[in-house]
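Throughout, read-outs are computed from the coordinates displayed, never taken from laboratory work. Just so it is clear, the model here is predicted, and its values are computed rather than measured. All Cβ positions, even for glycine, are placed from backbone atoms using ideal geometry, and neighbour counts span all protein chains on display.
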Amino acid sequence: MPPVSNDIDRPLGQDTGRKRRGPETRRFFSVRRAGAVVAVLALAGVSGALALQDRGWRRPAEVVVATAMPEHSEPPPAAVDTKSVGSIATRQQSPGGPAIIKVNPEPEDGAQSGGGIVVRDPSAVGQDLRVAHLPDRDLIEQSSAGPLPAVAADGRRPFDVYARAWSGARGARVAIVIGGLGLSQTGTQSAIAKLPPEVTLAFSPQGNSLDRWMQAARRGGHELIMQIPLEPFDYPRVDPGRNTLTVDAGPEKNLHNLRATLARMTNYTGVMNYMGARFVGDADAMGAVMEELGRRGLLYLDDGTTARTTAPDLALKDRVPFAVSDTTIDGSRDRGEILKKLDELERIARAKGFALGTGSAFDVTVDAVAQWTAEARRRGIEIVPVSAVAADPQKG
């Protein structure tokens, strides 16, 4: 028989000269194959995790988007020194054009920061919360009374710079101003912690530690108002407090008292009356105050408690941003009644586009407002700062 050349030609069962693998050898190779499969699966899992990771190992993606500039948000500077403020979102806007929100991501492992442009919630486009508590030096006038609000050399007003941005949408919007902050430490702390940032906070000049509370409120995203004590009809039996402006005091004394109040803190968009039914009805007394507010770029908020106020006409004359409250929400300190007043604001807003309510920092008021605003959003109501519903003569 000729020699067998290969395994195919060899008769079944004949020895080929190769050693067959025993059971232990086959188990060894089986284990090796299983280990290889596990290693492949582990590598695939790590690769998938890296692919899905947004931050840390991967650098953030850069996206280019243009968003509409809110009507009442503060005009950003043409350029911002990001070296002094870190990785802060900045905005650039051409006249009449969209706002471009630029972001400089933090560099990683010594790499150069590439920068990009991202979409942001319009309510977060305002002054960066990390620096919102710092007064703009260009908006400060140093005086014997203390730091006073002032219009910057480039025309920027405190009303513009310290305003909280909003969406600019045409839907129904409600502004709520809660006053009396600074009078009670626990009440002020509770209001800042519980109220959503869209709610405007008004501080009493009779309060304590106003600068500290201002910083906490601004870091929380709130727009601020300073309350000014004005003479009521039954003054001095009913006394609004230190530095009250009165009809008989005359312009010089009233301006002295007004500036003492304005210097109590910084970073606010305007003022609102505290009491003052007699004072706001006197055009001469009120005229000197409104002229000062116009010169300093501040808003005037009328609490709407008297129909005899001369404020609307004077605000127009002196080019002062002006707003008037539609209702006081906590005339009765009953939770159910407060919620009814808030529902009334919603009806007004749906009828005319916006509504404004004022209240005080009572515990029951703060809790009711916090609950109602969360529910109103789900019904399509936008909660906005007071600057978003103010009439600004300088903007036509």
Rounded to whole angstrom, the alpha-carbon centroid of the range 288-319 lies from that of the range 159-222 at a distance of 21 Å
Taking the range 297-396, the lysine pairs whose C-alpha atoms sit under 29 Å apart (8 or more places apart or on different chains) add up to 5
Row for the range 137-395, column shape: gyration tensor on C-alpha, a ≥ b ≥ c, rounded if a/c < 1.5 i.e. under 1.5, prolate if a/b over b/c, else oblate; value rounded
Those trypsin sites (Lys or Arg not before Pro) from the range 162-235 that are DSSP loop and have at most 10 other Cβ neighbours within 10 Å turn out to be Arg170
